[in-house]
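Take a look at the structure below.
The values are calculated or read from the model by the stated rules, or taken from the named source; none is laboratory data. In this text the structure is predicted, and so the values were computed from the model without any measurement. Every residue, glycine as well, gets a Cβ built from its backbone with ideal geometry; the counts of neighbours run over all protein chains shown.
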Amino acid sequence: MNPEPLRILAPDAAGLSDASAILQAGGLVSFPTETVYGLGADARNDTAVAGIYAAKGRPSFNPLIVHLPDQQMAERYCVFNDDARRLAGAFWPGALTLVLPLKADAVVSRLVTAGLDTLAVRVPDHKVARALLEAFNGPVAAPSANPSGRVSPTKAAHVVAGLGDAIDAIVDGGDCPVGLESTIVACGDAPRLLRAGGIPAEAIEACLGAPLVRSADPALPVAPGQLASHYAPQGKVRLNAPYAKEDEVLLGFGPVDAALNLSPSGDLVEAAARLFACLHELDRMGAKSIAVSPIPDHGLGAAINDRLRRAAAPRP
Ligand code: TXA
Ligand code: MG
C-alpha cells in the first residue's frame, strides 16, 4: 500500500518531467506503450524494482523487461549478435522484446533478471513512452501494469482499478493501439520464440530468413513465469464455442450475436487491440462463465489464442 495519493499525469512536458522525477527518486510510474500499460521503475534501483514485484504481487522468479530510448543504450546492457541486430534494425522501435546475454559490466538490479544471465530489452514505439524514456535517460524496468495473474491493462482506468493503491503515478496516454504484449525472442545460437505477441512470428521469421525455435509444449513455461493460467479473468473460460450455453456470456469474434465482440468484422488486429479491454469488461459485468468464439490461429490470432488458452487453463 502506498500512503501517498495516486497522481494522474498528463502526457505533456510538465507531466513527463514529473514522471521522470518520480522514477529518479525510486518511485513507480505506470506509462502507456504501444502494446499495454507498463509499470515502470528505475532498473538500476533494487528497492524500486522490488516495489514493482510488491505492487503486482508477482512471483519473484519472473524477470522483467527493460525499456530503453534507443538501441544504442540497449547495447550498453546486452551483447547483440547478428540476429539481434537484424531484428532490432527491422522492428525497433516496436512490439518486439529481445532476450540477450547481459554484459558483465551492465549496471542493472539482479531483481530485474531474477538472477538470470540474460536480459530482456525493448525500445517501445509510443510517443509518450519514448518521451518519458528520453527524459529519464536510463533503463526502465516495466512489466505490464496489472496485478500478477490478471489481465494486462490497455487504458489508464484499468491501471487505476488494478494497482491504483500501490503505485505513485500514471501517465494517461489514452488507449494502447496494439493491445497485446510484445513478442519475445531470445537470440542465442538459434533464435527462439518465448512469447507470441504484437509482432507476428511470421514477420520475424521473414526478417531472419529462418524459422524460430518454438516450445514443443505450449503449457510448459519457456519464459520463466509464463504460467499456464496467466491472463485470467474471474470467470471460467471455454474456447472455440460457436455459441454460448444458457449460463454463459459469449465473447464473440466475427458476425455472431454476442454480449461483447472482439471484432464483429473478424479483423484480428482489431481483436488484439480489444482483447484485454473485453476481458476486463467481462470481469466488470461479473461474468461467471465465458464462452469464446473460434479465432483463426494465424498472424495475431496465434497470440490472441495463446492468451485465451492461458485464461482457460485450470487455475492453480
Ligand atoms: O509489451 C510488453 O512486453 C509489456 C510492455 C509494458 O512493454 N511488458 C510486459 O512485461 O509484458 P511482463 O513483465 O508482463 O512480461 C515479461 C515477460 C515475462 O513472461 C518474463 O518471464 C519474460 O518476459 N522475460 C523477462 N526477462 C526474461 C529473460 N531474461 N529470459 C526469459 N524471459 C524473460
Ligand atoms: Mg504481464
(request) Six or more apart or on different chains, Cβ under 7 Å: which pairs go from a residue in the range 124-140 that's of a type in the set (Lys, Arg) to one that's within 15 Å of ligand 1 (Cβ to nearest atom)? Could you list them? (result) 130/69; 130/93; 130/124
(request) Could you identify the single residue in 38, 15, 27 that is in contact with a His (Cβ under 8 Å, 6 or more places away or on another chain) and in the same structural domain as residue 65 (by TED's automatic domain parsing)? (result) 38
(message) Residues to consider are 54, 41, 84; find the one that is out of contact with any Cys (no Cβ under 8 Å at 6 or more places or on another chain), touching a residue at least 24 places away in the same chain (Cβ under 8 Å) and buried (at least 23 other Cβ atoms within 10 Å of the Cβ).
(response) 41
(message) Give all pairs with beta carbons closer than 9 Å in which a residue from the range 174-201 that is more than 18 Å from residue 35 (Cα to Cα) and in the same structural domain as residue 65 (by TED's automatic domain parsing) meets a residue that is assigned to a loop (DSSP other than H, G, I, E, B) and within 14 Å of ligand 2 (Cβ to nearest atom); count only pairs at least 6 apart in sequence or on separate chains.
(response) 186/223
(request) Just name the residue that is farthest from ligand 2 (Cβ to nearest atom) out of those in the range 130-142 that are touching a strand residue (DSSP E or B) at 6+ places or on another chain (Cβ under 6 Å) and more than 17 Å from residue 172 (Cα to Cα). (result) 139
(request) Please verify whether the range 190-207 includes one or more residues that are modelled with pLDDT of 95 or more, out of contact with any Lys or Arg (no Cβ under 7 Å at 6 or more places or on another chain) and among the acidic types (Asp, Glu). (result) yes
(request) Output the residues belonging to the range 120-141 that are of a type outside the set (Gly, Ala, Ser) and more than 12 Å from residue 35 (Cα to Cα). (result) 121, 127, 128, 130, 132, 133, 134, 136, 137, 139, 140
(request) Go through (1) within 24 Å of residue 35 (Cα to Cα); (2) of a type outside the set (Gly, Ala, Ser); (3) without any contact (Cβ under 8 Å) to a residue 40 or more places away in the chain one by one and return the number of the condition residue 246 breaks. (result) (1)
(request) Kindly indicate the residue of the range 148-182 that is near ligand 2 (Cβ under 10 Å from one of its atoms) and over 11 Å from the mean Cα position of the chain (by Cα) and also surrounded by the most Cβ atoms within 10 Å (Cβ to Cβ) among those meeting that condition. (result) 150
(request) Counting only residues that are among the hydrophobic types (A, V, I, L, M, F, W, C) and out of contact with any Asp or Glu (no Cβ under 7 Å at 6 or more places or on another chain), give me the strands (runs of 3 or more DSSP E) lying completely in the range 1-93 with at least 2 of them. (result) 37-42, 65-67
(request) Report yes if residue 309 is of a type outside the set (A, V, I, L, M, F, W, C), under 15 Å from residue 196 (Cα atoms) and part of a helix (DSSP H, G or I), otherwise no. (result) yes
(message) Every residue in the range 57-81 that is more than 15 Å from ligand 1 (Cβ to nearest atom) and either surrounded by 17 or more Cβ atoms within 10 Å (Cβ to Cβ) or in contact (Cβ under 8 Å) with a residue 60 or more places away in the chain (or both), please.
(response) 71, 73, 75, 81
